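The values are calculated or read from the model by the stated rules, or taken from the named source; none is laboratory data. For clarity, every value in this text was computed on a predicted model and none was experimentally measured. Cβ placement follows ideal geometry from the backbone for every residue including glycine, while neighbour counts extend to all protein chains displayed. We work out accessible area using only protein heavy atoms, side chains counted, and drop any ligands, DNA or RNA first. Shrake-Rupley method; radii C 1.70, N 1.55, O 1.52, S 1.80 Å.
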Amino acid sequence: MEVKVLSSKLVRPAYNAGAAPAAAGEYIPLSVFDRVTYNMQMAIIYAFQPPAPSTAAVEKGLAAVLAEYRAFAGQLGEAPDGTPALLLNDRGARFVEAAVDADLVDMAPAKPTPELLSLHPDLEGDLQEVVRLQLTRFRCGSLAVGFTSNHVAADGHATSNFLVAWGRATRGLPTGLPPVHHQAGLFKPRASPRVEFDHRSREYRLPSPADEQHGHGAAENIVIHKAHFTKDFIAALRGKASEGRGRPFSRFETILAHLWRTMTRARGLNPEETSQVRLSVDGRHRLGLPAEYFGNLVLWAFPTATVADLLGRPLRHAAQVIHDEVARVDGAYFRSFVDFASSGAVEREGLAPSAVCRDVLCPNVEVDSWLTFPFYELDFGTGSPTYFMPSYFPTEGMLFLVPSYIGDGSVDAFVPVSQHNLEAFKECCYAME
């Protein structure tokens, strides 16, 4: 796919008369949650069929919404006291226009491939902007929107709020409730700190040479497989997992349990090996903060089981392990984390965040679930996207779960697997056991 870049510029916030910020040097201090998350640029791809929105309308909407979401128009840097911060300097978002002399239906991959990388700005290098996006128009009139943002600035929940507001601003509608940002003292330790849980081996760890090995060629042996789970298949899977249980497992718990077992079987691991899942847990309602909180407010659950238990016991065992571990990451756990992260132990002991990118996660698994995010509500005035998917992230074992574009309750799972395990994964992906 030959993509021709036509222009690249910065789009700055467009304030209403009298609404421009009065003070220079404003910033948002990074919270303990911002500082423990992945320091990487995330990317998603949207596709819109013709008649697609005009570039001028999309750009105007972006300038309008950046006036509300100033963090996405700023830069990562330091506050006057030297602590990490988001600088509200209105630098703007990088806005790239591109074109492809082909029809989208002939070029768009059904699953993430390296070709997707040409549909959004670079994810690595000296990136000066928090948000970088690209509008790529195809010969047929279709439009691909490649949106990227730095994870340190906002988690998936916050980013999805921004995207919906961007669409509303483009249509000339109110953007909704404004974002609520972190302020100094919001996540302060308790008067009598109580570190009641182990955070040294969960959110943090001692730095390892393996942390520096991302991008050293392993991606060549990884292929991203798309598994489509129909609504009927999911219902049957939930019924099997929840048999004899008063309250059925959630759709997410069931699909993740199934994929965890499927990947473990396809990998051919030894029975005595241990496999662990890393999955995000949103802390907004756990800490009593509004859905409009903009930033990172996520920790992780780490369901763990032996290969023998995963494959030798029924599906409901894996689902129960996931359910129980997520339940443990409650409000008390979040407050314990705040106390630990604010205690000085991280600095004294030389700990580093465990959220780092690796090429291969085997025997472990990581999941990014977008099942509850309103990504399909991004509407620039010509209707919802025909589909969206993550960009090409060839990390073996890092799953993405997204609602299918069909809109009937089915789910698409994008599963990066080693080439030599692909056929084994396909063979058992749709098996109930």
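Here the condition is being at pLDDT below 90 and more than 20 Å from the chain's Cα centre (by Cα); of G239, G244, G215, it holds for G244 alone.
Before we move on, is D412 over 20 Å from Q276 (Cα atoms) and in a loop (DSSP other than H, G, I, E, B)? So that I can check it myself, show each step before the final result.
Working: over 20 Å from Q276 (Cα atoms): yes; in a loop (DSSP other than H, G, I, E, B): no.
Taking the combined requirement at face value, the residue does not satisfy it.
The single condition among (1) over 21 Å from the mean Cα position of the chain (by Cα); (2) outside any strand (DSSP E or B); (3) buried (at least 19 other Cβ atoms within 10 Å of the Cβ) that A71 does not satisfy is (1). Within the set P13, P21, the sole residue that is assigned by the TED database to the domain that holds R137, over 24 Å from the mean Cα position of the chain (by Cα) and buried (at least 20 other Cβ atoms within 10 Å of the Cβ) turns out to be P13.
Each row is one residue, and each column tells you yes or no for (1) surrounded by fewer than 16 Cβ atoms within 10 Å (Cβ to Cβ); (2) modelled with pLDDT of 95 or more; (3) in the same structural domain as Q276 (by the TED database).
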site: A102; (1), (2), (3): yes, no, no
site: K111; (1), (2), (3): no, no, no
site: D126; (1), (2), (3): yes, no, no
site: T136; (1), (2), (3): no, yes, no
site: L143; (1), (2), (3): no, yes, no
site: H157; (1), (2), (3): no, yes, no
site: L173; (1), (2), (3): yes, yes, no
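The residues of the range 380-411 that are among the acidic types (D, E) and surrounded by 21 or more Cβ atoms within 10 Å (Cβ to Cβ) amount to a single one, E396. Within the set A257, A236, the sole residue that is surrounded by fewer than 21 Cβ atoms within 10 Å (Cβ to Cβ), out of contact with any strand residue (DSSP E or B) (no Cβ under 7 Å at 6 or more places or on another chain), part of a helix (DSSP H, G or I) and in contact (Cβ under 8 Å) with a residue 40 or more places away in the chain turns out to be A236.
Before we move on, is N39 under 18 Å from the mean Cα position of the chain (by Cα) and open to solvent by 40 Å² or more (accessible area, probe 1.4 Å)? For N39, the condition - under 18 Å from the mean Cα position of the chain (by Cα) and open to solvent by 40 Å² or more (accessible area, probe 1.4 Å) - is met.
For the range 294-330, how many residues are open to solvent by 10 Å² or more (accessible area, probe 1.4 Å) and in a helix (DSSP H, G or I)? Selection size over the range 294-330: 14. Within the range 272-297, being basic (K, R) and touching a Pro at 6+ places or on another chain (Cβ under 6 Å) holds for no residue.
Considering only the range 113-124, how many residues are open to solvent by 60 Å² or more (accessible area, probe 1.4 Å), of a type outside the set (A, V, I, L, M, F, W, C) and either in a helix (DSSP H, G or I) or not assigned by the TED database to the domain that holds A71 (or both)?
The number of residues fulfilling the criteria is 2.
Taking (1) without any contact (Cβ under 8 Å) to a residue 12 or more places away in the chain; (2) open to solvent by less than 20 Å² (accessible area, probe 1.4 Å) in turn, F337 satisfies each apart from (1). Among the residues of the range 24-52, just one is farther than 29 Å from P114 by Cα, aliphatic (A, V, I, L, M) and not in a loop (DSSP other than H, G, I, E, B), namely I28.
Table: residues versus (1) farther than 19 Å from F380 by Cβ; (2) out of contact with any Asp or Glu (no Cβ under 8 Å at 6 or more places or on another chain).
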| position | (1), (2) |
| --- | --- |
| T55 | no, no |
| V58 | no, yes |
| V65 | no, yes |
| G74 | yes, no |
| E78 | yes, yes |
| R91 | yes, no |
| F95 | no, no |
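Can you confirm whether the range 274-283 contains a residue that is assigned to a loop (DSSP other than H, G, I, E, B) and open to solvent by 30 Å² or more (accessible area, probe 1.4 Å)? Taking every residue of the range 274-283 in turn, none turns out to be assigned to a loop (DSSP other than H, G, I, E, B) and open to solvent by 30 Å² or more (accessible area, probe 1.4 Å). The sole residue among A57, A63, A52 that is surrounded by fewer than 18 Cβ atoms within 10 Å (Cβ to Cβ) and assigned by the TED database to the domain that holds T148 is A57. When A153, A158 are checked against the criterion of being over 22 Å from T113 (Cβ atoms), small (G, A, S), assigned to a helix (DSSP H, G or I) and touching a residue at least 40 places away in the same chain (Cβ under 8 Å), a single residue qualifies: A158.
When V411, V356, V346 are checked against the criterion of being touching a residue at least 40 places away in the same chain (Cβ under 8 Å), under 26 Å from R265 (Cβ atoms), not assigned by the TED database to the domain that holds P53 and not small (G, A, S), V411 stands alone in meeting it. Quick check on the range 184-208: of everything there that is of a type in the set (S, T, Y) and part of a loop (DSSP other than H, G, I, E, B), which residue is surrounded by the fewest Cβ atoms within 10 Å (Cβ to Cβ)? Taking the candidates together, the pick is S192.
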